[in-house]
Amino acid sequence: MSAAALIGATKRFGDTTAVDAMSLEVADGEFVVLLGPTGAGKTTTLRLFAGLERPDHGRVTIGGADVTATGPAERDVAFVFQQYSLYPHLTVYENLAFPLKAPGRRMGAAAIRRRVTEIAELLRIAPKLKNRVTALSGGEMQRVSIGRALVREPSLFLMDEPLSSLDAKLREDLRVELKRIQRDLGATIVYVTHDQLEAMTLADRIGVLSAGRLIQVDTPRAVYETPADITAAQRLGSPQINLVPPAAMALDCPAGAATAGVRPEDIILVPGRADTRDVTGGATGGVTGAVLAVEHFGVETVALVEIAGRQVHALVGPRADFAHGSPVAATVRPGAALFFDSSGVRL
Amino acid sequence: MSSAAVRVTDTSPRGKMIAGTLVIAYALLTMIPLVWIVATSFKSPPDSISYPPKVLFEPTLEGYVNLFTTRSRQTPEYIDSLGPPATWYDSLVRERNMVITGESRFAGRYMNSVIIGFGSTFLAVFLGTLAAYAFSRFRIPLRDDLLFFILSTRMMPPVAVAIPIYLMYRGLGLSDTHLGMILLYTAVNLSLSVWLLKGFVDEIPREYEEAAVVDGYTRFQAFIKVVLPQMRAGIAATAIFCLIFSWNEYAFALLLTSGTAQTAPPFIPIIIGEGGLDWPAVAAGTTLFLVPVVVFTVLLRRQLLRGITFGAVRR
């Protein structure tokens, strides 16, 4: 049974179509990450699930029931906003207890206290319960924000870039923690981000959005290895996939291929020109390029190479050493290249 | 040279001293009329008109006694025949060859001011809060035009509407009633209150209400539990402005009230006529009149200074 679904949902704001006939099914206990650039309709999609927006067309279901016309309060969803949106006039405890004190919920004071303490311990904010939320650090605020969603045990969690306003280290910590919590609770989460690393690490399935349309929904690995089109290919991977005319890399391409996409890790660089022979006497093959820059990241090294007037990123071994401006022979790992037709769809 | 870090933005100690002196001097200058009024209220009538003016004097409560009582002048023989004075204020009055004949109308007028001032302030802020929320959050047809219309009620000088309002009030039976004055002051204050409060509501991110609504609250509950507490500073500031206006208003009060609903501002000058030039009584009336606004402002001062704590949201 699907925990939640959009069925052909469209939402327009004036002349702009924020979400365009989108269908997305989220399975029970699944972590779905919606990935896309700013303005792709990610947040609107979440708001459609939450009931903060009503679709102009299409339907929304949660737990199998049609909730298209139901208000947010009756949908049994929890929303974590991009900004913390904690109530500044309340303490951490009161913020966490706020959803439980909602009129329809009728929870006893003792039960509320128990639940809030439990969640505070889970998120490691128990010592801060008495503090005003304005006195918390960014990471703590966001924990409280997530905690406010967790206390209720809703049937669906909606998270709108909850980690985007945190610094890198905190983001990483909370990301790991969030995944752990989701596994422990078996929670169903629809999570919006523009950070591909978050998408890759958190998601059971990634939905790639562009201009209000869902381009592809699949496991992170499948989206990475077999992207539906150029946009999806570009969303995942850092450095980005190299897009070159097939001829520039001397690739055998299927008919109709206008663009070839090669991941940096699929390019093999060998010092020297492509037409020379290496020490074993075999042909190096490939095409000749010139090294423009080498970036050492510790676990990996990325070389920026100019090939036929185009800049191409290539992943080289951590101890690789290429002199700037020196010639290199570049080959593509057999079968690794992706080909796209002139409209951008993968062949 | 001291090794203590001195920030370039810090003012030099000399600069601080000069600035401090100027501020204190200006404060003293503006305080003089207030201090003079309070001092006069504790002077005896001869001291209050002595020349050169007395800065040091023997304080007396005569002004306050005169403010709250009506008195008549009697012969010393009559006063002697009354027996010993019953209270301290009886004896104070008898020293001037007078006896207290009754209460003055000041206390009643003062209560009128309290009822009308605070009543209209409450109404203006209450209605203003609801209107401001609606203007800020809902899609209202002709919203901008309505807002401008509300503001435009403030543009006409009171003199221009005095006669129509006078006639209207007479026709409706609202002349010289508490209700009439509360309605009038509410109407005048509402434009200020709606505009001020709308600014405060605009500053509160919608996410707060959306979060509350998703958490299972209705829109109205979200307003009460989430928006209202964050509007506290704004409501306090607006209330102070509204109270200061309706408390001090003179022109309409003079025109529309004469007895039942007369407020203190048109009454205090009448004291001059009633008891000759009784400056201490006038000063006593003015001093007491200042107290509620000062107390109200001091009570709400913390709300005003609290600053608007939007710290939990990054914009």
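Throughout, read-outs are computed from the coordinates displayed, never taken from laboratory work. Just so you know, these numbers come straight off a predicted model, no measurement behind them. Because the Cβ atoms are built from the backbone with ideal geometry, glycine has one as well, and the counts that use them run over all protein chains shown.
Reported value for segment A:2-235: 124 Å³ per residue, from the convex hull of its C-alpha atoms. Only Lys, Arg, Asp and Glu carry charge here, each on its Cβ (+1 for the first two, -1 for the last two); on that basis segment A:2-235 has a dipole of about 900 debye about its Cα centre. Each of B:Thr286, A:Thr45, B:Thr70 was scored by other Cβ atoms within 10 Å of its Cβ. Listed from fewest to most, they are B:Thr70, B:Thr286, A:Thr45. When Rg and the Kirkwood Rh are both derived from Cα coordinates, the Rg/Rh ratio for the protein assembly as shown amounts to 1.19. Every helix of 4 or more DSSP H residues in the protein assembly as shown counts as -39500 (n - 2.57), and over all residues that averages to -13500 deg cm²/dmol at 222 nm.
Classification of segment B:1-99 by its C-alpha gyration tensor yields a prolate form. The axis ratio a/c (a ≥ b ≥ c) is 1.5 or more, and a/b outweighs b/c. Between the listed residues A:Ser343, A:Ala110, A:Val133, the Cα displaced farthest toward the positive end of the dipole of chain A, a dipole computed from Cβ unit charges relative to the Cα centre, is found at A:Ala110. Every Cα-Cα pair in segment B:45-104 was counted, and those over 18 Å apart are 40% of them.
In plain terms, the residue of A:Arg12, A:Arg205 with the fewest other Cβ atoms within 10 Å comes first and the most crowded comes last, giving A:Arg12, A:Arg205. If R0 is 56 Å, the Cβ-Cβ spacing of B:Glu203 and B:Glu77 corresponds to a FRET efficiency of close to 0.15.
When N counts the residues of segment B:64-173, how does its alpha-carbon radius of gyration compare numerically with 2.2 N^0.38 Å, as a ratio? Computed over Cα atoms of segment B:64-173, the ratio equals 1.96. As a rough footprinting exposure proxy, the listed residues A:His194, A:His57 were ranked by other beta carbons within 10 Å of their own, and the order from fewest upward is A:His57, A:His194. Across peptide B:226-237, the average count of Cβ atoms from other chains found within 10 Å of a residue's Cβ is 1.
Distance from the alpha carbon centroid of segment B:32-88 to that of segment A:128-142 works out to 61 angstrom. With the biggest extent put first, the Cα atoms of segment A:224-347 measure 40, 31, 24 Å across the principal axes. About its Cα centre, segment B:172-227 has a charge dipole of approximately 120 debye under the convention of +1 per Lys or Arg Cβ and -1 per Asp or Glu Cβ, with nothing else charged.
Evaluating 6.51 cos²θ - 1.76 cosθ + 1.60 at θ = phi - 60° for every residue in segment A:67-80, the Karplus couplings come out as 10, 3, 9, 8, x, x, 5, 8, 8, 6, 10, 10, 10, 10 Hz, glycine and proline recorded as x. With the simple spin-label model, which puts each label point 7 Å out from Cα in the Cβ direction, the A:Glu306 to B:Glu103 separation comes to 9.9 nm. Measuring nothing but how far apart in sequence close Cα pairs (under 8 Å, 6+ apart) lie, relative to its length, chain A scores a relative contact order of 17 percent. With the convex hull drawn around the C-alpha atoms of segment B:142-260, the volume per residue stands at 142 Å³. Of all lysines in the structure, the ones whose alpha carbon falls short of 30 Å from that of B:Lys43, not counting any fewer than 8 places away in one chain, are B:Lys54. Measuring r between the beta carbons of A:Thr219 and B:Ala237 and using R0 = 51 Å, the FRET efficiency lands at 0.40. Indicate the gyration tensor shape class of chain B (rounded, prolate or oblate), computed on the Cα atoms with a ≥ b ≥ c the square roots of the eigenvalues: a/c under 1.5 is rounded; otherwise a/b larger than b/c is prolate and the rest oblate. It comes out oblate by the Cα gyration axes. Peptides B:61-67, A:218-224, A:16-22 ranked from most to least packed give B:61-67, A:16-22, A:218-224, packing being the mean of other C-beta atoms within 10 angstrom over each peptide's residues.
Sorting the segments A:109-115, B:249-255, B:181-187 by their residues' average number of neighbouring beta-carbon atoms within 10 angstrom, most packed first, yields B:181-187, B:249-255, A:109-115.
Restricting the calculation to Cα atoms, segment A:112-246 shows an Rg/Rh of 1.05 when the hydrodynamic-style radius is the Kirkwood one.
Please state the relative contact order of segment B:17-84 as a whole percent: Cα pairs under 8 Å, 6+ residues apart? Normalised by residue count, the contact order of segment B:17-84 is 24 percent.
Treating the beta-carbon of each Lys and Arg as +1 and of each Asp and Glu as -1, no other charges, what is the dipole magnitude of the protein assembly as shown about its Cα centre, to the nearest 20 debye? Charge dipole of the protein assembly as shown: 1000 debye, to the nearest 20. Ranking B:Gly234, B:Val201, B:Val161 by Cα position along the charge dipole of segment B:146-304, where only Lys, Arg, Asp and Glu carry charges on their C-beta atoms, puts B:Val201 farthest toward the positive end. FRET efficiency for the B:Leu172 to B:Leu151 pair, using the beta carbon distance and R₀ = 35 Å, is estimated at 0.85.
Towards the positive end of the charge dipole of the protein assembly as shown, with charges on Cβ (+1 Lys, Arg; -1 Asp, Glu), say which of B:Asn189, A:Ala257, A:Leu236 has the farthest Cα. Comparing the listed Cα positions along the dipole, B:Asn189 ranks first. Compute the distance from the alpha-carbon center of segment A:213-243 to that of segment B:151-210, in whole Å. With segment A:213-243 and segment B:151-210 each reduced to a Cα centre, they are spaced 60 Å.
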